[in-house]
Amino acid sequence: MDQSFMKERKILPLVLSMSLPMVISMAVNALYNIVDSYFVAKLSEEAMTALALVYPIQNLITAIGVGIGIGINAGIAYYLGAKKQTTANQIATQGIALSVLHGILLTVLCTAGLWKFLKGFSADLEVNLMAITYGNRVLLFSVVITLGITFEKIFQSVGKMKVSMFSMICGCLINILLDPLMIFGIGPFPAMGIAGAAYATGIGQTATLLIYLIFYFADPIPVKIQLKYLKPEKHVISRIYAVGIPATLNMALPSLLISSLNGILSGFSEKYVLVLGVYYKLQTFIYLSANGIIQGIRPLIGYNYGAGEKKRVEKIFRTALGLVLGVMAAGMLISWLIPGKLIGLFTVNEETIRIGITALHIISFGFIVSGVSVTCSGALEGLGKGTPSFCIALLRYVIVIIPAAFLFGKILGANGVWLAFPVAEALTAVFAIILYQR
């Protein structure tokens, strides 16, 4: 398959064609997360709590899978652009092997440590037993998850965004369909409760992986996964991890930020902690289009950089930046026009809604400038520069915002914590531009 379209097509249509499928698939995935929680919540409040307790472990597995997948994605795109087919094949093949290894290790370690992890967050025996029931089953699919994510990034690296979109949507829809059937025992299925939710999730993830495999064998792509490329090569593995490890850490940093801010906000009222949780649910949708654009440009930047098309890389970056700033401006506008309705999706308490409106107004001042650091970070990953991308995330999620939230909170109260968001975004944007231009 000829990949020359990545350096020949007009840039705006190319970026849109690569990004739109990712935006759609991420929207479906966000919808799935809501629907999945809805059905589990129908069982009991304890079941929903159990699901929430296991979520950080699931998120860890996904973070490692996506992070390493980004390293594989960037490497394949770069070497295809540089016309080094053998190295691209080695990255794909050895990346698959690494994803299997990661999946096995995560299954063993997470299953072994699950009970101790749960006891650290809940003393309720019933909740913990339900979490064990769910966790032990869903963790069985860790290899499927890491493999599926790796294939997703391989297909994206060669411009097959529609295949990635189709596979992800099919998996999500199968999960949504099976949830009520397996949880409540509809039709031929016995009522399995929270265990049914775990099996539905695993089957959906397996379906996604199988669809990738069908496409791989039925419609050959420019990279080959073959045994002859399986022999470990230092330069191949180091290339994958050089981007993959920082990308994994990037995804882990928001968890550290939320935990730190929860500690600060709990000193004012639990309502502020709730509002922060609501904001991060809304943030998934607010940043959805921007993240889809970033996923779309990574392989484009990697391919053109490998091909020596540095001017085209810069044009792709500027086009993506303009699109991201546009969608983030829309997010800010929505946050000012209907903040009460957005917060009201998650609570009916009038005081909480009032606090949430104020928080959303203040935080949204940083939306537009956040597009700068998000785009720079994604572009650096596409260039194979994982460490600078991680430095941007570290500044954004830890170095500036946590001390600022603590200091502003002491001076201005809870609203000072919200003010730390736009301040951190502005400073990070300046730092990101400097790093990218270097």
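The ratio of the alpha-carbon radius of gyration of segment 6-144 to the globular-protein estimate 2.2 N^0.38 Å is 1.37. If you take all other residues with their beta carbon under 15 Å from the beta carbon of G71, and give Lys and Arg +1 and Asp and Glu -1, the sum is +2. Using C-alpha pairs below 8 Å separated by at least 6 residues, the relative contact order for the chain is 23 percent. Charged neighbours of L118, selected by a Cβ distance under 15 Å, balance to 0 (K, R count +1; D, E count -1). Taking Cα extents along the principal axes in Å as the quantity of interest, determine which of (1) 99, 48, 44; (2) 70, 51, 31; (3) 59, 54, 35 was computed from the displayed structure. From the options (1) 99, 48, 44; (2) 70, 51, 31; (3) 59, 54, 35, the structure gives (3). Legend: residue pairs K153/K234; K116/K234; K281/K310; K10/K160; K83/K228; K116/K153, Cα-Cα distance threshold 26 Å; pairs beyond threshold, K116/K234; K281/K310; K116/K153. Taken over the alpha carbons of segment 174-270 as equal point scatterers, the Debye sum produces base-10 log I(q)/I(0) values at 0.12, 0.15 Å⁻¹ of -0.83, -0.96.
Counting only protein heavy atoms and using a 1.4 Å probe, the accessible area of S266 comes to about 70 Å². Averaging the sequence gap over all C-alpha pairs within less than 8 Å and six or more residues apart, then dividing by the number of residues, gives segment 143-298 a relative contact order of 21 percent. Taking all protein chains together and a 1.4 Å probe, the residues T319, T201 rank T319, T201 from largest to smallest accessible area. Placing H102, H235 in order of accessible area, with the largest value first and a 1.4 Å probe, yields H235, H102. Secondary-structure-derived ellipticity at 222 nm for the chain, considering helices only, amounts to -28500 deg cm²/dmol, per-run term -39500 (n - 2.57) for DSSP H runs with n ≥ 4. Counting only whole DSSP H helices of the chain, the ones at least 30 Å long by C-alpha along their axis and with mean Kyte-Doolittle hydropathy no lower than -0.5 are 11-41, 45-81, 85-119, 161-184, 194-218, 234-265, 310-337, 414-437. Neighbours of S164, meaning other residues whose beta-carbon lies under 14 angstrom from its beta-carbon, give a summed charge of +2 when Lys and Arg score +1 and Asp and Glu score -1. Ratio to report: Rg/Rh of segment 365-427, with Cα atoms as the point set and Rh obtained by the Kirkwood method; give two decimals. Taking Rg over the Kirkwood Rh, I get 1.07. Sorting E270, E126 by solvent-accessible area of protein heavy atoms yields E270, E126, largest first, with a 1.4 Å probe.
The values are calculated or read from the model by the stated rules, or taken from the named source; none is laboratory data. None of these values were measured; they are calculated from a predicted model. Neighbour counts are summed over all protein chains in view; Cβ atoms, including those assigned to glycine, are modelled from backbone coordinates with ideal geometry. Just the protein is used for accessible areas: all its heavy atoms, side chains included, with ligands, DNA and RNA removed. Shrake-Rupley method; radii C 1.70, N 1.55, O 1.52, S 1.80 Å.
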